[in-house]
1. Using the number of other C-beta atoms within 10 angstrom as an exposure proxy, rank Asp79, Asp41 with the fewest first.
2. How much length is gained on full extension from Asn123 to Lys13, taking 0.36 nm per residue of separation minus their Cα-Cα distance?
3. For Asp116, Asp17, what ranking results if the residue with the fewest other Cβ atoms within 10 Å of its Cβ goes first?
4. What distance in nm separates the two pseudo spin-label positions at Arg74 and Leu46, each 7 Å out from Cα along the beta-carbon direction?
5. Under 8 Å for C-alpha pairs, at least 6 residues apart: give me the relative contact order for the chain, rounded to a whole percent.
6. Within the range 21-143, how many Lys pairs sit with Cα atoms under 12 Å apart, leaving out pairs fewer than 8 places apart on the same chain?
7. Starting from the Cα gyration tensor of the chain, multiply each eigenvalue by 5, take the square root, and state the resulting semi-axes largest first in whole Å.
8. Working out 0.36 nm times the residue gap between Lys2 and Glu65, then minus their Cα-Cα distance, what length gain in nm do you get to one decimal?
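Rule-based calculations on the coordinates, nothing more; no lab input. Because the structure is predicted, anything quoted here is derived from the model rather than measured. No Cβ is skipped: glycine too gets one built from the backbone with ideal geometry, and neighbour counts run over all protein chains shown.
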Amino acid sequence: MKKHGILNSEISKVLSDLGHTDQITIADCGLPVPDGVAKIDLAIKLGTPSFQDVLEIILEDMKIEKVILAEEIRDKNSDQLGDIENRLKKHYPSKGLVDSFNKKNPVESEFVSHEDLKKLTKNSKVIIRTGEASPYSNIILQSGVIF
């Protein structure tokens, strides 16, 4: 049995298969999944697992160069946005969202309308569905390179 890292075999496989600029989405329980995009459904009940729990585990295992978030998260779920920023700072201490932290070497960020974010998820290799039930708790993560 695997001793460390992501135990979910589907998520582990997806992360292992990512190339530079490939994207995955971590979603709340309400985000629609476009036809043709794989879904890994982790939702057990409302709130379980949380968006932040899943994001934390993914950030431990995936090199991120860019994040895409819904513009609406700024006003409608600022606590969630703050948690995302804190987790990025934890995993990328010299980096952060472009408009919030270190502008020298940031994790690139893009804020788009929620409707546009839903359209962009069609480019994701997978959508990981959480049990999160707070608004605009969705993020597209773009893979960087480790060298």
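1. Placing the least packed residue first, the sequence is Asp79, Asp41.
2. Working: separation 110, 0.36 × 110 = 39.60 nm, distance 1.78 nm.
Length difference between fully extended and current span is 37.8 nm.
3. On the way: Asp116 13, Asp17 10.
So the residues, fewest neighbours to most, are Asp17, Asp116.
4. Between Arg74 and Leu46, the label points sit 2.9 nm apart.
5. On the way: 276 pairs, mean separation 69.2, N = 147.
Answer for the chain is 47 percent.
6. Numbers: Lys39/Lys122; Lys39/Lys125; Lys66/Lys95; Lys95/Lys103; Lys95/Lys104.
Value for the range 21-143: 5.
7. Values: eigenvalues 84, 73, 46 Å².
In descending order the semi-axes read 20, 19, 15 Å.
8. On the way: separation 63, 0.36 × 63 = 22.68 nm, distance 2.70 nm.
The span from Lys2 to Glu65 would gain 20.0 nm if fully extended.
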